[in-house]
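The values are calculated or read from the model by the stated rules, or taken from the named source; none is laboratory data. Predicted model, so just to flag it, every value in this text is computed and none were measured. Note that we place each Cβ from the backbone using ideal geometry, even for glycine, and neighbour counts take in every protein chain shown. Protein only, heavy atoms only, side chains kept; ligands, DNA and RNA dropped before computing areas. Shrake-Rupley method; radii C 1.70, N 1.55, O 1.52, S 1.80 Å.
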Amino acid sequence: MKKVLAILEGDGIGPEIVREAIKVLKVIESKYNHEFVLKYAPFGAGAYFSEGSPFPEKTKSVCDEADAILKGPIGLAVSEMNTIPKESRPELGALLPLRKRYDTFANYRPVRLPKELASFSPLKESIIGDGIDIIIIRELVGGIYFGDKTEGPSTGMKYAKDECPYTDEQIRRVAIVAFEEAKKSNSKITNLHKSNVLATSRFWNEVVDDVAKGYPEVSCTSLLVDNAAFQLVINPAQFNGIMLTENMQGDILTDQAGGILGTLGLMPSVCVGPKKSYAEPAHGSAPDIANKNIANPYSMIGSVALLFDKCLGMGDEAKDIDNALFEVFKKGFVTRDLNDGSGKKKELSTSEFGDMVVENIKNS
Ligand code: IPM
Ligand code: MN
């Protein structure tokens with residue numbers, strides 16, 4: 001299969017973890033006889049400084065012409081970010097416009113920890129039990145992130161307002177993605193909401209319940225998001241299956257999930273749109289550890305696997321990558337974020353980790 005991929009390396013640790021993902025792309029390319037045409041383009045805070053825009057026009061054309069996009073994390077240290085005008089900062093000036101441009105409404109964020117790796121988690125092994133295997137499906141282009149924002153007035157009592165709109169269509173399409181996924185994998189759905197306070201949550205549940213009628217074989221229960229945050233720590237495995245959330249609740253819970261796994265370095269993600277999708281890790285650009293060859297490239301490489309599986313019809317390739325990633329840990333190797341200092345773990349650099357994933361793929 002031939003695929004054109006736009007490569008947006010991003011900021012901070014972005015370029016070094018993207019480099020490892022490219023190594024993995026190359027080995028998959030030769031093992032499965034694919035052709036990946038890689039088109040690099042600037043994106044993020046670095047692009048603002050070098051091109052005058054965090055999402056330059058030429059990057060938009062590269063992305064428009066690509067079959068899919070690989071994007072590293074964006075953002076620099078606070079002191080540098082403060083020198084950029086608000087609307088040109090990489091979140092508001094690049095990331096949200098990228099999501100909007102390709103309407104990437106369904107964000108898959110798997111939360112996986114097999115029981116052999118329970119020691120990665122700050123939770124007790126007994127809590128991890130037989131392992132965690134959840135996919136959080138987060139709505140990504142609606143709600144408070146994209147609602148009108150106002151600040152004012154210039155004189156008198158100041159205020160700020162973020163609106164949180166959701167339409168039937170916006171909720172329905174992501175709910176359908178969750179139900180289809182649950183049906184395919186024979187798993188249950190936990191639908192999260194804050195309907196005891198928010199009108200958008202009451203409406204969200206109404207639409208989810210309506211979609212559920214079309215899937216009598218899928219079990220779906222709804223749970224208040226604050227309770228879900230508590231339950232996730234007390235007994236995460238009870239949610240094994242799909243968790244469905246709106247945009248902002250999903251943002252918060254997926255970081256919490258990374259904490260449960262022991263590191264955001266274990267949080268890959270893919271953002272799926274009707275025509276185009278992009279892979280991005282759920283974590284930030286960690287400028288404090290950039291260029292030290294110590295970042296964990298798992299999330300970036302795992303995001304490529306998700307893109308293959310969910311968007312490019314390359315399920316076998318995705319499994320191959322996922323197995324190769326876990327194989328590294330099962331052999332007792334970790335990156336620095338997962339090294340507990342016990343002296344029992346063998347620490348790998350970013351590039352050594354990528355090399356080992358490549359070896360595992362070659363040998364599988
Ligand atoms: C994420 C990030 C983004 C979000 C930020 C960088 C705008 O935290 O992808 O989870 O809030 O969606
Ligand atoms: Mn986030």
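Checked against a 25 Å cut-off, the cross-linked pairs Lys2/Lys39; Lys310/Lys362; Lys23/Lys346; Lys2/Lys292; Lys213/Lys276 give Cα-Cα distances beyond that limit for Lys2/Lys292; Lys213/Lys276. The chymotrypsin sites (Phe, Trp or Tyr not before Pro) found in region 32-77 that occupy coil by DSSP, while having at most 14 further C-beta atoms within 10 Å, are Tyr32.
Of the residues Gly75, Thr59, Ala41, the one whose Cα sits farthest toward the positive end of the charge dipole of region 29-162, with +1 on the Cβ of Lys and Arg and -1 on the Cβ of Asp and Glu, is Gly75.
Amide hydrogen proximity for Val111: with H placed 1.01 Å from N in the peptide plane, the residues at 5 or more positions away or on another chain lying under 5 Å are Ile134, Ile135, Ile136. With K and R counted +1 and D and E -1, the other residues having a Cβ less than 12 Å from that of Gly315 yield a net charge of -2. Among 282-291, 90-99, the peptide with the highest mean count of other Cβ atoms within 10 Å heads the list, and the full ranking is 90-99, 282-291. Across region 111-266, the relative contact order, built from alpha-carbon pairs under 8 Å that are at least six residues apart, equals 34 percent.
Heavy-atom surface analysis with a 1.4 Å probe gives region 111-266 a carbon and sulfur content of 55 percent of its accessible area. When the GluC sites (Glu not before Pro) in region 206-285 are filtered for DSSP coil states and for at most 15 other beta-carbon atoms within 10 Å of their beta-carbon, the remaining sites are Glu217. A Cβ-based charge dipole, computed about the Cα centre of the chain with Lys and Arg at +1 and Asp and Glu at -1, lands at about 220 debye.
Model label points for Ile234 and Tyr159, set 7 angstrom from Cα along the Cα-to-Cβ axis, are 3.7 nm apart. Provide Rg over Rh for region 21-141; use the alpha carbon set for both Rg and the Kirkwood Rh (inverse mean inverse pair distance). With Rg and the Kirkwood Rh in hand, the quotient comes to 1.07. Put simply, when 158-171, 297-310, 265-278, 328-341 are sorted by average Cβ atoms within 10 angstrom per residue, most first, you get 297-310, 265-278, 328-341, 158-171.
Computed from label points 7 Å out along Cα-Cβ, the spacing between Thr167 and Phe49 is 4.0 nm. Residue separation of Asp130 and Ile252 scaled by 0.36 nm, minus their Cα-Cα distance, works out to 41.4 nm of gained length. Normalise the Debye intensity by I(0) for region 111-266, one equal point scatterer per Cα, no solvent, then take log10 at q = 0.10, 0.11, 0.21 Å⁻¹ and round to two decimals. Those come out to -0.40, -0.48, -1.30, one per q. Note on region 111-266: antiparallel DSSP beta bridges, both residues inside, total approximately 40 percent of the bridges counted. Each DSSP beta bridge with both residues in the chain is either parallel or antiparallel, and the antiparallel ones are about 40%. Calculate the all-directions average of the projected area of the chain's alpha-carbon convex hull, and give it in nm². Reported value for the Cα convex hull: 19.2 nm².
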